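The values are calculated or read from the model by the stated rules, or taken from the named source; none is laboratory data. It should be emphasised that the depicted structure is a prediction, and the values quoted were computed from it without experimental measurement. A quick note on method: Cβ atoms are made from the backbone with ideal geometry, for glycine too, and the neighbour counts reach across all protein chains shown. Each accessible area value is taken on the protein alone, full model and side chains, heavy atoms only, with ligands, DNA and RNA left out. Shrake-Rupley method; radii C 1.70, N 1.55, O 1.52, S 1.80 Å.
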Amino acid sequence: MPNIAYINGEFLPLEDAKISVEDRGVQFGDGVYEVVRVYGGQPFQLEAHLTRLARSATAIEVPFPLTTSEWESLIFEGIRLSRYQESKVYLQVTRGVAPREHGFSLALVPTVLVTIREMPLPDETRETQGVAVITLPDIRWGRCSIKSLNLLPNVLAKQQAMQAGAFEAIFVREGFITEGTSSNVMMVKDGTIATPALNDHLLPGVTRQTILDLAQEAGSVVEERDILQEELRNADELFLVGTTIEVLPVIQLDGHSIGNGCAGPIAKSLLARLRAVVAQKMM
Ligand SMILES: Cc1ncc(COP(=O)(O)O)c(C=O)c1O
């Protein structure tokens, strides 16, 4: 079985998987999700993703439907059935199926959906040459630390970025950057790595934490703090981090070059360190 889905207790080819039209995930985006990267058949940082999934579900009062070991068995079974070595696992928990009313019963049975898709090889040109980004006002709600299915502002911002010939849009709230549409943002100035401190306006990225830990282990100075939009333009380096993009250098922001206009050495070395950790876990 190549691309596969698990829904309502069974694994199916992805194209055969169906969900009720009255699922609240479909009607309201009433649910939470995760994306986990699988390297060499091994899910990376699974525990951190499952912890965040549980936290997101609890934050929106959806009963967490499986134990950690049940999730693990499900995910490993999916990876085995898919036979992919390199894949991304999508986990989704919605509030369940009910006639369409905004209010909900706490007794609803959550819907669990898992999909496993092959991960394309890393885009080496993108990684080595870096990407362009734009900034856009952060018009999202006040609880962006929940990984909710409600992604309309992210979707529209990403589309705007693509139409502008950029890879990603970085959100700006009251003059400070928060995060990308599906990534966290880091900058380097005078050798110090800075990233926005965690609060309700951004997702506590699993990769963000991994990269901060790796940077600290390598002896870099790391700051988690408020970052003004103007600071990005004057950064020596700028990069995006996330589960599927790993560490992606940014060379242009709103049409202006960052640093010397090339992918920076710190982003490159952090990507190499991340890959080394991945390689170690696969052994
Ligand atoms: C809004 C947002 N911020 C940050 C991230 C990066 O998080 P992670 O490193 O856990 O993938 C994502 C990932 O999809 C995201 O959607």
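Work out the charge dipole of the chain with +1 on the Cβ of Lys and Arg and -1 on the Cβ of Asp and Glu about the Cα centre, then indicate which of 21, 260, 48 is farthest towards its positive end.
Selected residue: 21.
With runs of 4+ DSSP H residues as the only contributors, calculate the mean residue ellipticity of the chain at 222 nm using -39,500 (n - 2.57) per run, divided by the residue total and rounded to the nearest 500.
Value at 222 nm, helices only, nearest 500: -9500 deg cm²/dmol.
Suppose accessible area is computed on protein heavy atoms with a 1.4 Å probe; arrange 123, 226 from highest to lowest.
226, 123
At 1.4 Å probe size, with no ligands or nucleic acids counted, give the accessible surface of residue 70 in Å², nearest ten.
Spelled out: residue 70, probe radius 1.4 Å, area about 90 Å².
Using the charge dipole of the chain (Lys, Arg: +1 at Cβ; Asp, Glu: -1 at Cβ; taken about the Cα centre), state which of 215, 91, 160 has its Cα farthest towards the positive end.
91
Size of the dipole of region 17-173 about the Cα centre, Lys and Arg at +1 and Asp and Glu at -1 on the beta carbon, nothing else charged, in debye to 20?
260 debye
Can you tell me the dipole magnitude for the chain around its Cα centre, using point charges on the Cβ only (Lys, Arg +1; Asp, Glu -1), in Debye to the nearest 20? The partial results should precede the final answer.
Numbers: 25 positive and 35 negative charges, 58 e Å.
Taking the Cα centre of the chain as origin, the dipole is about 280 debye.
Just to be sure I follow: if Rg is taken over the C-alpha atoms of region 124-282 and Rh is the Kirkwood radius over the same atoms, what is Rg/Rh?
Values: Rg = 14.5 Å, Rh = 15.5 Å.
Computed over Cα atoms, the ratio is 0.94.
Taking Cα centroids, how far is region 1-80 from region 224-283 in Å?
Spelled out, the Cα-based centre of one part sits 29 Å from the other.
Tell me the per residue accessible area of region 4-118 using a 1.4 Å probe; a whole number in Å² is fine. Write out the running numbers ahead of the final one.
Values: 5510 Å² over 115 residues.
That works out to 48 Å² for each residue.
Quick one: which residues, 5 or more positions from residue 179 or on another chain, have an amide H under 5 Å from its amide H? H modelled 1.01 Å from N in the peptide plane, none for Pro or chain starts.
Sorted by chain and number, the residues that satisfy this are 171.
Could you give the accessible area per residue of region 124-282, probe 1.4 Å, as a whole number in Å²?
Result: 46 Å² per residue.
Run the accessible area of the chain with a 1.4 Å probe and give the carbon-and-sulfur part as a rounded percent. Show your work: numbers first, answer last.
Numbers: 7180 of 13550 Å².
Using a 1.4 Å probe with all protein chains present, the chain comes out at 53 percent carbon and sulfur.
I'd like the trypsin sites (Lys or Arg not before Pro) in region 213-283 restricted to DSSP loop residues with at most 11 other Cβ atoms within 10 Å, sorted by number.
For trypsin sites (Lys or Arg not before Pro) across region 213-283 that sit outside H, G, I, E and B with at most 11 neighbouring Cβ atoms in 10 Å, the list reads 225.
Going Cα to Cα from residue 147, which lysines come in below 18 Å? Please leave out same-chain ones fewer than 8 positions away.
Once the sequence-local lysines are set aside, what remains near residue 147 is 88, 158.
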